[in-house]
Amino acid sequence: MKVIKAQDIISEPRSVGWNDPIANKTFPEDGPLKFATEIGTTNVSRQELVTYKRRNGKMVRETVVRVFSPNDYIDHTNTVILSEL
């Protein structure tokens, strides 16, 4: 899979530093995640992205959610500690 860097797709000019949360992210150039983000939101009521990761000696599940209304959306994140490692 070919990957592109976040700073290559940011539309407005900005200074990107080591601590910038966007600077160190990469986004797929092809594949199902790219397709899922480009298909539009017509008739979509909710989107979720679930990530499992180790953090501070624990396994956590982070869920990023976007809930759509007719003219807007609301984003939120939910983090659940699954176990101690």
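The values are calculated or read from the model by the stated rules, or taken from the named source; none is laboratory data. Note that the structure is predicted; figures quoted are calculated from it, not measured. Quick reminder, even Gly has a Cβ in these numbers, built from the backbone with ideal geometry, and neighbours come from all protein chains shown.
Taken over the stretch 31-61, the residue count meeting the criterion of being assigned to a strand (DSSP E or B) and surrounded by fewer than 12 Cβ atoms within 10 Å (Cβ to Cβ) is 8. Sub-6 Å Cβ pairs linking a first residue in the stretch 62-85 that is outside any strand (DSSP E or B) to a second residue that is at pLDDT 90 or above and loosely packed, with under 13 Cβ neighbours inside 10 Å, at least 6 apart or interchain, are Leu85/Gly57, ordered by first then second residue.
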